[in-house]
Amino acid sequence: PTPTTSVGPVAGNISASLATDNPAGAVIAAASVYNPVLRVALWAPSSGGATISGITVMKYGLIANTNVSGISVWDSKGVRHGSVVSSISSDNKATIGFGSSPIVLAAGGSETITISINIASGVTSGTVYMGLASAADIQANTTVGGAFPLNGNLFSISSGALGDVYVAAVT
């Protein structure tokens with residue numbers, strides 16, 4: 001996918017673009033959680049604030065939908081918005097509503113959100129990347145603009161483990 005960027009706030013709507021620190025493609029281990037695969041920068045209108053109440057993400061790549069066992073959205077402070085969604089529809093989409101924890105942007109302010117995925121155990125191979133297909137995939141109280149689609153980079157899935165941690169009592 002080709003990254004796109006934005007120049008900042010646009011009066012009257014939220015501007016969305018790939019964040020400058022969008023994760024580079026890498027290898028993700030099976031049975032791993034909270035793997036950041038897409039970062040999107042959001043700017044509020046210069047004439048007023050905005051509230052984002054949810055997003056719809058699209059899964060791409062050569063991995064079964066059931067092998068992505070969770071999708072979550074995090075803000076730049078490390079706060080998760082909405083639940084971890086554990087199912088992707090047959091059209092490769094997952095909608096994450098933020099419920100009582102919307103993302104609030106101050107007038108002219110910005111926020112970077114991170115979409116993270118969990119990979120099911122037992123996955124031996126595959127590829128995956130996530131994206132926002134259109135402005136309509138960002139549910140907000142005002143219009144959204146940007147150079148859509150906003151797609152992350154391609155990640156490969158490996159059956160290897162990241163490592164083990166053992167804890168033992170010591171006297």
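The values are calculated or read from the model by the stated rules, or taken from the named source; none is laboratory data. None of the values given here were measured: they were computed from a predicted structure. With ideal geometry, Cβ positions are generated from the backbone for all residues, glycine too; neighbour counts draw on all protein chains shown. Quick note on the areas: whole protein, heavy atoms, side chains included, nothing else; ligands and nucleic acids left out. Shrake-Rupley method; radii C 1.70, N 1.55, O 1.52, S 1.80 Å.
Just a few scattered comments:
- For Ile28, the amide hydrogen comes within under 5 Å of the amide hydrogens of Ser156, Ile157, Ser158, counting only partners 5 or more places away or on other chains and with H modelled in the peptide plane.
- Computed FRET value (nearest 0.05) for Thr127 with Val167, which takes r as the C-beta separation and R₀ as 30 Å: 0.30
- Largest GNM mean-square fluctuation among Val104, Val57, Val144, using the chain with Cα springs under 10 Å: Val104.
- Accessible surface of the chain, 1.4 Å probe, proportion on carbon and sulfur as whole %: 54
- Contour minus Cα-Cα distance for Asp91 and Val104 (0.36 nm per residue): 1.8 nm
- Backbone N within the range 25-58 under 20 Å of label point (7 Å from Leu154 Cα along the Cβ vector): 25-30, 36-39, 58
- Cα-Cα separations in the chain greater than 21 Å, expressed as whole percent: 47
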